[in-house]
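Step one of this worksheet: look at the structure below.
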Amino acid sequence: MSEKVAFDELDAALKRCGSNWDAAQAHGLLTGRLAVGGAAAAPEWLLRVLEDTDERDANRQECQKKLDSLYQATFWDLSERLSEFAPLLPDDDAGTEERAVAMAHWCEGFLHGLVSAEHGKALKERLAGEPLADIIRDMLQITRASVDEESDAETNEAAYAEILEYIRVAAQLAYEELSDIRHAEEQ
């Protein structure tokens, strides 16, 4: 397994190389694409995240190395089913507002990853059925997440932690639920 990529480092690298994606969105996209397409999704994901960046730029090359490490770690965490998967989000020392925005971006990327795959009939049916339809609806709601200004910090932290755990488990469940779709793609 490769080493974990830090949110702040990847986010800064994506900005330096001129990507239109932030670290949370890129990881969400990767997770959704892996759920649908497995390992074969990596090249398309990388091209999408690095779209419109200069291939000769050293910043892009540095970013691509971090993205490759992120892919390896994420694929390992999902495919080994060890419950070590976690969305790539800012550390707990970041403000709740910043983490809530990143969480919303992660969900946007994840949903884009699920639905931007080539949609065969089997995938469309699977995404429309339970539990994936519920996950998609919930993630859509989370894309509009914000901090409740009227609640105290402790309440907001508890809500954030609860939603984060839901996202973590939902992403793993989506990966498991789409196993037969991935295997059909490989054949």
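The values are calculated or read from the model by the stated rules, or taken from the named source; none is laboratory data. This structure is a prediction, so every number in the text was calculated from the model and none was measured. Neighbour counts are summed over all protein chains in view; Cβ atoms, including those assigned to glycine, are modelled from backbone coordinates with ideal geometry. Surface areas here come from the heavy atoms of the whole protein model, side chains and all, with no ligands, DNA or RNA. Shrake-Rupley method; radii C 1.70, N 1.55, O 1.52, S 1.80 Å.
Summing charges over all other residues whose Cβ lies under 13 Å from the Cβ of LYS15, with Lys and Arg as +1 and Asp and Glu as -1, gives -3.
Our note on the geometry: Cα centres of the stretch 1-48 and the stretch 155-187, 16 Å apart. Average projection, convex hull of the Cα set of the stretch 75-187: 7.6 square nanometres. In the stretch 68-103, which GluC sites (Glu not before Pro) are in a loop and have at most 16 other Cβ atoms within 10 Å, using DSSP for the loop call? Answer in residue order: GLU80, GLU84. Averaging the sequence gap over all C-alpha pairs within less than 8 Å and six or more residues apart, then dividing by the number of residues, gives the chain a relative contact order of 31 percent.
The region of the chain that goes longest without hitting one of the trypsin sites (Lys or Arg not before Pro) in a DSSP loop, each with at most 11 other Cβ atoms within 10 Å, is 82-143. Largest accessible area first, the listed residues VAL169, VAL5, VAL49 line up as VAL169, VAL5, VAL49 when surface is computed with a 1.4 Å probe on the assembled protein chains. The mean of 1/r over all pairs of different alpha-carbon atoms in the stretch 132-187, once inverted, gives a Kirkwood hydrodynamic radius of 13.1 Å. Within the P(r) computed for the stretch 1-157, what percentage of the Cα pairs occupies the region above 20 Å? For the stretch 1-157, the share of Cα pairs beyond 20 Å comes to 52 percent.
Here the calculated FRET efficiency for THR155 and GLN61, from their Cβ-Cβ distance with R0 = 25 Å, stands at 0.05, rounded to the nearest 0.05. Our estimate of slack between LYS4 and GLU165, defined as 0.36 nm per intervening residue step minus the Cα-Cα distance, is 56.1 nm. Share of carbon and sulfur in the accessible area of the chain stands at 49%, probe radius 1.4 Å. Under the simplified labelling scheme, the ALA133-LEU82 pair shows an inter-label distance of 3.6 nm, with each label point 7 Å from Cα along Cα→Cβ. Computed from the C-beta positions of SER146 and GLU51, the FRET efficiency with R₀ = 30 Å rounds to 0.60. Among residues other than ASP93 with Cβ under 13 Å from its Cβ, the summed charge is -4 (Lys and Arg +1, Asp and Glu -1). In this structure the chain gives 52 Å² per residue of accessible area when probed at 1.4 Å with all protein chains present.
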